[in-house]
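What follows is one structure encoded as structure tokens, with my remarks underneath.
The values are calculated or read from the model by the stated rules, or taken from the named source; none is laboratory data. Keep in mind the model is a prediction, meaning the values are calculated, not measured. Here the Cβ positions follow ideal geometry from the backbone for every residue, glycine too, while neighbour counts run over all protein chains shown. Heavy atoms of the whole protein, side chains included, go into the accessibility calculation; ligands, DNA and RNA do not. Shrake-Rupley method; radii C 1.70, N 1.55, O 1.52, S 1.80 Å.
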Amino acid sequence: MKTTPRAPLSEDERLDALGRLPADQEIPMHLRVAGVIALLYAQPLTRVVRPTVDDVVRDGDAVLLRIGEPASPVPAPLASLLLEHIANRGNMGTATNPASRWLLPGRRAGQPFRPDHLSALLNKIGAPAAAARGAAIRQQLLEMPAPVVAEALGYHDKTTTRLRNETGGAWSRYASGNHARSPAGWVPRGTGDS
């Protein structure tokens, strides 16, 4: 039986789910955290389950999530959810996981949550990860250049460039690279010898 992929969520649907997940106490916390990561950072579930607690970085008052380079900032209400989850992770009381470092520990010793099982659970709570991921990355590409999105979210730059072209992003003339350095031999106007 062949299934057809679900169309990406609209930006309104994605934002609705993103606003609902952090506050909905009826949804288990690990699903809320996984859903937020997929909805906000456009991550496939195979990568949503890979971070460890060490990938959540506190920098003063800021909370960062290391999913690409550099680590991505986590907005305040979502940062609180993430930190609360770390303090109260599930599956930690079993003999197989007492010292697990996984952000989303699974039931099997040394393994994170299974992406296929996570997908089914997220679909059940109304946060379809694959559809949400498409909406999230397209929104990112409307706001930032494709090379920046690729590096920050851990995507290949050809993928983000293709998606940007499909989305109609306006960053086609962005030159990637280190913009802090000046080209060799370049001298700012007014400082060179005349």
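Among Arg66, Arg32, Arg114, the order of accessible area from largest down is Arg114, Arg66, Arg32, computed with a 1.4 Å probe on protein heavy atoms.
Shown are Thr46, Thr161, whose ranking by accessible area with a 1.4 Å probe and every protein chain present, most to least, is Thr46, Thr161.
Taking amide H positions as modeled 1.01 Å from N, with prolines and chain starts lacking one, the residues under 5 Å from Gly154 and 5 or more places away or on another chain are Glu69.
For Pro70, the shell of other residues with beta-carbons less than 13 Å away shows a net charge of -3, using +1 for Lys and Arg and -1 for Asp and Glu. Per-atom-type breakdown for segment 1-143 gives carbon and sulfur 54% of the accessible area (1.4 Å probe, protein chains only).
Take the Cα radius of gyration of segment 1-146 and divide it by 2.2 N^0.38 Å, with N its residue count; two decimals is plenty. Walk me through the numbers before you get to the answer.
Numbers: Rg = 15.0 Å, N = 146, 2.2 N^0.38 = 14.6 Å.
After normalising by residue count via 2.2 N^0.38 Å, the value is 1.03.
If the segment from Asp54 to Arg114 were pulled out straight at 0.36 nm per residue, it would be longer than the present Cα-Cα gap by 19.6 nm.
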